[in-house]
Every structure is written in C-alpha cells, then in structure tokens.
Amino acid sequence: MPDRIRLIHDGPHDGPTNMARDEALLKCVGAGQSPPTLRLYRWAPPTISLGYFQPYAAYEALEPPAGRLPVVRRQTGGGAILHDQELTYAIVLPIGHRLAHGATKLYEVAHDAVIHALADAGMATWRGCRSDDSTPGRGPFFCFARRHCLDVLAGKEKLAGSAQRRTRRAVLQHGSIVFERRYDQQPAAAIGEYVNLDGDRFAELWTRSLEAIGDLLFEPGACTPEELGRADTLRAKYADPAWTRRR
C-alpha cells in the first residue's frame, strides 16, 4: 500500500513565516502529532534564504539589487537561494520512514520526480552526476551555482537542488524550482526559458510523479491550529537579526 502523505498548498508568505511553518512541521511530525507532510509554497516579497551554516558576511558582500532583498536563515544546509518567481517544497517525514533511510534516498526520489515531471511537459533534464568541493564556508554564495551529483540540470545549468535538516525524530528536506528570473544575480535554470509551464501545473505534474516513484499517496490538507500556533511563536526567532547573523 502507498504511504499516505498530507499535501499542503500554502503561501505566499514572507521569509520568517515560511521558515517558522517548516520548523513547526518538523517538530510536530517528529513528535508524532502530525502526519508526514509535503508543503508547497511561495515567497512574498522576494527573499534570500541563507543555508544554516552560511556566514552572514557573504550576504553583506552581495551587490544590489539582490543585496537589498530581505534575508532569512533556514534550518537546512546548503547555499543561499534567491526566492522569487518559483515554487518551494518542504517534505517532512518521521526519521523511521523508508524514504528517510540513508543520506540520499529522499534526494533521489524528489529529483527523479522533477526529471519525470518535466519530461511530461516536454523538457529534457538530467542528473548532474558530479559534485564540486563546496562547503558551508567555501564555494559560490548561491546554491544554484554549486554542484552536487544528485542535482537536476538543464543543459549545464542547475535546475533543482535540495538540502536537509535531520533531527533524532524527523527529517525536513527543502528544494526550489525557478520559473522565471528577474535578477541577473540568480544563477538558476528557469523553466520558463525552456517550456511554457507555470507553478500550479508543475506542482500537479511533480506530485503525480513523486507518488509513482516514491510509492506515495498525497491527501490534500492544511496546517492544523497547533502547527500554526507553533509557527506563530517560532516566527519571532526567524525575524530576529540575532538568528540571521548568528554565523
């Protein structure tokens, strides 16, 4: 039988709200208070999210216009992302879930689903199959300028990458798909440069592919009052410059 996953279509929200909601899900799923969940959302206004281990000084050195955007720090690792005309996903699973086993299984399933979804839309993409030597403190500032062997590429440009946060009880995986680029500093392949596909249609294709590849069944849902209450409390942390500048 396929594993049932709650599917939440959420947003757009600002950076602190988005990150607080994802952490609330991580805590609630880990505590067994919430089911495994896939949350799809957008950002308003455009925002830069720093990876958990990235130094804040790298954002301070960023030239305008991107350097004037709001900034928030994620719970997940990896490089910074300029969130604008895109779709972000957060999948949260209990640590014992079969897709959470091992370091790469969830990456592989999510990214293979991206490749299959875009193939259905007439766009050819592939796994990069090669990693660079980027670390939290070394390498390009933006995630989409870094390379990991599991990344999804369109030609030589990175189209999709993901990052995780693991606790003893749950795993949170983030990823972004860019549809249009308004900032020259945004080093990402944009789907709109290849095929006519908006975020809603991509979400439909991707979740269908994810169901098939991951042997999952998505059930529409929404954040619970308890999750929203936790998120409201956590939002103060993500809006606090002390959190954003902590590294």
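No value in this document is a laboratory result; all are computed from the given coordinates. Note that the structure is predicted; figures quoted are calculated from it, not measured. Glycine gets a Cβ as well: all are built from the backbone with ideal geometry, and neighbour counts include every protein chain shown.
Given the peptides 16-22, 71-77, arrange them by the average over their residues of other C-beta atoms within 10 Å, most packed first. Show your work: numbers first, answer last.
Values: 16-22: 25.3, 71-77: 21.4.
Packing order, densest peptide first, comes out as 16-22, 71-77.
Label-point separation (nm) for Y52 and A222, each offset 7 Å from Cα along Cα-to-Cβ?
Label-label distance for Y52 and A222, simple model: 3.1 nm.
Taking the highest mean first, how do the peptides 52-63, 176-187, 156-167, 85-96 order by number of other beta carbon atoms within 10 angstrom per residue? Each step should come with its number before you reach the end.
Working: 52-63: 14.7, 176-187: 17.6, 156-167: 19.3, 85-96: 20.9.
Going by the mean number of other Cβ atoms within 10 Å, highest first, we get 85-96, 156-167, 176-187, 52-63.
For A170, which sequence-distant residues (separation of 5 or more, or a different chain) have an amide H within less than 5 Å of its own amide H, given hydrogens modelled in the peptide plane?
Excluding prolines and chain starts, which carry no amide H, the hits are I95.
Leaving out same-chain residues fewer than 8 places away, which lysines sit with a Cα under 27 Å from that of K156?
Output for K156: K105.
Mind listing the phi-derived Karplus ³J(HN,Hα) values for segment 98-104, rounded to whole Hz, using 6.51, -1.76 and 1.60 with θ = phi - 60°, and x for any glycine or proline?
4, 7, 8, 6, x, 7, 10
Would you mind ranking C143, C149, C28 by Cβ crowding within 10 Å, fewest neighbours first? Kindly include the intermediate steps, with their values, before the conclusion.
Values: C143 28, C149 12, C28 21.
Lowest to highest Cβ neighbour count: C149, C28, C143.
I'd like the Karplus ³J(HN,Hα) series for segment 53-66: coefficients 6.51, -1.76, 1.60, θ = phi - 60°, whole numbers in Hz, and an x wherever there's a Gly or Pro.
Karplus-based 3J(HN,Hα) across segment 53-66 equals 9, 6, x, 5, 4, 5, 5, 4, 7, 6, 6, x, x, 4 Hz.
Using the crude model of +1 on Lys and Arg Cβ and -1 on Asp and Glu Cβ, and no other charge, please compute the dipole size for the chain relative to its Cα centre, in debye to 20.
Values: 32 positive and 29 negative charges, 200 e Å.
Roughly 960 debye for the chain.
Quote to one decimal, in nm, the extra length available between R166 and A61 on full extension: 0.36 nm per residue of separation minus the C-alpha distance between them.
On the way: separation 105, 0.36 × 105 = 37.80 nm, distance 2.96 nm.
Fully extending the segment from R166 to A61 adds 34.8 nm.
Can you grab the distance from the C-alpha centre of segment 5-67 to the C-alpha centre of segment 195-210, Å, no decimals?
Answer, in whole Å: 20.
Using just the helices of the chain, give the 222 nm mean residue ellipticity in deg cm²/dmol: DSSP H runs with n ≥ 4 each add -39,500 (n - 2.57), and the total is spread over all residues, rounded to 500. The partial results should precede the final answer.
Working: 6 runs with 72 residues, N = 247.
It lands at -9000 deg cm²/dmol.
Expressed as a fraction of 2.2 N^0.38 Å, the rule-of-thumb size for a compact globular protein of N residues, what is the C-alpha radius of gyration of segment 158-206?
Working: Rg = 13.7 Å, N = 49, 2.2 N^0.38 = 9.7 Å.
Its radius of gyration relative to the 2.2 N^0.38 Å reference: 1.42.
Once you place label points 7 Å from the Cα toward the Cβ at Y183 and R208, how far apart are they in nm?
Once both label points are built, they end up 3.3 nm from each other.
At a Förster radius of 35 Å, what calculated FRET efficiency corresponds to the Cβ-Cβ distance of A103 and R68, to the nearest 0.05? Mind showing how you got there, number by number?
Values: r = 36 Å, r/R0 = 1.04.
After rounding, the FRET efficiency stands at 0.45.
Add +1 for every Lys or Arg and -1 for every Asp or Glu among the other residues with Cβ under 10 Å from the Cβ of R74, and state the total.
Details: positive: R73, R165; negative: D22, E23.
So the environment of R74 carries a net charge of 0.
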